[in-house]
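The values are calculated or read from the model by the stated rules, or taken from the named source; none is laboratory data. This structure is a prediction, so every number in the text was calculated from the model and none was measured. Note: ideal-geometry Cβ built from the backbone for every residue, glycine included; neighbour counts use all protein chains shown.
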Amino acid sequence: MNRDTGRIGHLVARRQEGRSLERDFYVLDEVYEAELDRIWMGSWLFAGHSCEVPEPGDYFTYDVAGSSVILIRGDDGAVHGHHNVCRHRGTTLLSEASGRAGRIVCPYHQWVYGRDGRLLSCRGMPEDLDRSSLGLRRVAVEEIEGLLFISLADAPPAFDEARAQLAPYLKPQGFRKARVAKIVDYDVQANWKLVWENNRECYHCNVNHPQYIKANFDHFNADDTTSRVRDAIVTATARGEALWDSAGLAPTHRETGMTLFPEKHWFSANRTVLVDGYVSETMDGRQVAPLMGDYSRPDVGTLRIRALPNFWNHSSCDHGVSTRLTPAGKDRTHIRVTWVVDAKAVEGKDYRLDDLLPFWKLTSEQDWALCEAVQRGVRSRGFQPGPFSPQKEYNVEGWVRWYLRQLSSAGSGEAGA
């Protein structure tokens, strides 16, 4: 056991259950490097939507901890993943974040690769060079109903269970038949764990998310709901679940056991009701774009999807909003928020960005400001771990336990499990 591994093990062992993580988890270089190795390089990562690459040759790149990945639609219709590195001298092949490529050509010495990664041409090299061994290094790609996941692991974790359990929730939303309405990128000055911890509770919602709490019930908790509020939640949930059942929509995660997220699963999905008068997570609750996917009516609630370590999504009847996290240092996180709508929807005719964006743009930016404030606090030597609320922060405790298990895996192959 090396010194860094021993230090991390000591940090994990002395963590007090029901309390936040120690300062060292957020400020030590060796912790951050261990996270990259044991979590980010060994897990399935959400990369983007398949509708971002609708035609053969369409591509986008995704950079994770210094490794750039090309996701490109091949001539076979599938999305292929390649390391964005020439097999000759290591040049970055595609420098643009997205685009279209007939072939992938190295800008240095013009080695040419097919969309499937095969080396097609390498001028100036011997005729007997084994070109079949010099194709682009493959990156594993899996797609679930329009969501693309990649793994940088040499032996990626199993994916079949995630596909089987998430597909019934995702299919009606119609991500396969969607288009990107808007992408907004953020550089948040906070550790990626703080962003997740914020996401896992609504303790902060009443004061910090005035738009969100008008549409959703989850800012109420067992210790602060009046009988009137409880009755409203029970009534709305019963009505919603009866409607979803009649429409063939999976209502909750109880049936699949995904309530154990993240104790058992690195992924989860559930459908929740909106407050009466809201059919979409928009500023006034109105539907602002055409219905997506298989929906025949707007009152389908909100589909919520989560996948550790880097993705969550809230989708309404008329649009979906995906959030992708990528660590950029122990005190920085790149965050991409993507809005998608039905593929046939036309901006300016069927929807307006001024109606579509504000709800989640405001909510997200409110969260980023909170995370940056926590980052400044945990960096202080005056910081000490505080207690979690049993009523309001139980999901944060569950997330911390998942994180510590992954950090303790030390190459055991458990990351992402």
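Within the range 336-354, the presence of at least one residue that is at pLDDT 95 or above, in a helix (DSSP H, G or I) and over 20 Å from the mean Cα position of the chain (by Cα) is confirmed. Scanning the range 191-223 for residues that are closer than 30 Å to residue 29 by Cβ and crowded, with 17+ Cβ neighbours inside 10 Å gives 191, 192, 193, 194, 195, 196, 197, 198, 199, 200, 201.
The set of residues in the range 129-160 that are in a strand (DSSP E or B) and either touching a residue at least 60 places away in the same chain (Cβ under 8 Å) or touching a strand residue (DSSP E or B) at 6+ places or on another chain (Cβ under 7 Å) (or both) comprises 138, 139, 140, 141, 142, 143, 147, 148, 149, 150, 151. Pairs meeting the criteria (first residue in the range 7-35 and farther than 24 Å from residue 390 by Cα, second residue β-branched (Val, Ile, Thr) and surrounded by fewer than 17 Cβ atoms within 10 Å (Cβ to Cβ), beta carbons under 8 Å, at least 6 apart or on different chains) are 34/5.
None of 47, 97, 101, 34 is surrounded by fewer than 16 Cβ atoms within 10 Å (Cβ to Cβ) and hydrophobic (A, V, I, L, M, F, W, C) except 97. Scanning the range 58-90 for residues that are out of contact with any Asp or Glu (no Cβ under 6 Å at 6 or more places or on another chain) and farther than 29 Å from residue 192 by Cβ turns up 75, 76, 77, 78, 86, 87, 88, 89. Any chance the range 379-400 includes a residue that's in a helix (DSSP H, G or I), over 24 Å from residue 9 (Cα atoms) and modelled with pLDDT of 95 or more? Within the range 379-400, none of the residues are in a helix (DSSP H, G or I), over 24 Å from residue 9 (Cα atoms) and modelled with pLDDT of 95 or more. Residues that are hydroxyl-bearing (Ser, Thr, Tyr), surrounded by 14 or more Cβ atoms within 10 Å (Cβ to Cβ), outside any strand (DSSP E or B) and free of Cβ contacts under 8 Å to residues at least 24 places away in the same chain: does the range 87-94 have at least one? Yes, the range 87-94 has at least one match. If the condition is being crowded, with 18+ Cβ neighbours inside 10 Å, in a loop (DSSP other than H, G, I, E, B) and either among the β-branched types (Val, Ile, Thr) or at pLDDT 95 or above (or both), then the range 292-327 contributes 292, 293, 295, 300, 308, 309, 310, 316, 317, 318, 319. Within the range 115-128, being out of contact with any Pro (no Cβ under 8 Å at 6 or more places or on another chain) and touching a residue at least 24 places away in the same chain (Cβ under 8 Å) holds for 116, 117, 119, 122. Might you check whether a residue that is surrounded by fewer than 20 Cβ atoms within 10 Å (Cβ to Cβ) and at pLDDT 70 or above occurs anywhere in the range 249-262? No, the range 249-262 has no match at all.
Residues are listed down the side, and each one gets a yes or a no for (1) hydrophobic (A, V, I, L, M, F, W, C); (2) crowded, with 21+ Cβ neighbours inside 10 Å; (3) in a loop (DSSP other than H, G, I, E, B); (4) touching a Ser or Thr at 6+ places or on another chain (Cβ under 6 Å):
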position	(1), (2), (3), (4)
16	no, no, yes, no
22	no, no, yes, no
25	yes, yes, no, no
39	yes, yes, no, no
42	no, yes, yes, no
56	no, no, yes, no
59	no, yes, no, no
68	no, no, no, yes
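Please find, among 342, 350, the residue that is surrounded by fewer than 17 Cβ atoms within 10 Å (Cβ to Cβ) and in contact (Cβ under 8 Å) with a residue 24 or more places away in the chain. Sole residue among the options that is surrounded by fewer than 17 Cβ atoms within 10 Å (Cβ to Cβ) and in contact (Cβ under 8 Å) with a residue 24 or more places away in the chain: 350. From the list 146, 74, 81, which residue is in contact with a helix residue (DSSP H, G or I) (Cβ under 8 Å, 6 or more places away or on another chain), modelled with pLDDT of 95 or more and surrounded by 13 or more Cβ atoms within 10 Å (Cβ to Cβ)? Of the residues listed, the single one that is in contact with a helix residue (DSSP H, G or I) (Cβ under 8 Å, 6 or more places away or on another chain), modelled with pLDDT of 95 or more and surrounded by 13 or more Cβ atoms within 10 Å (Cβ to Cβ) is 146.
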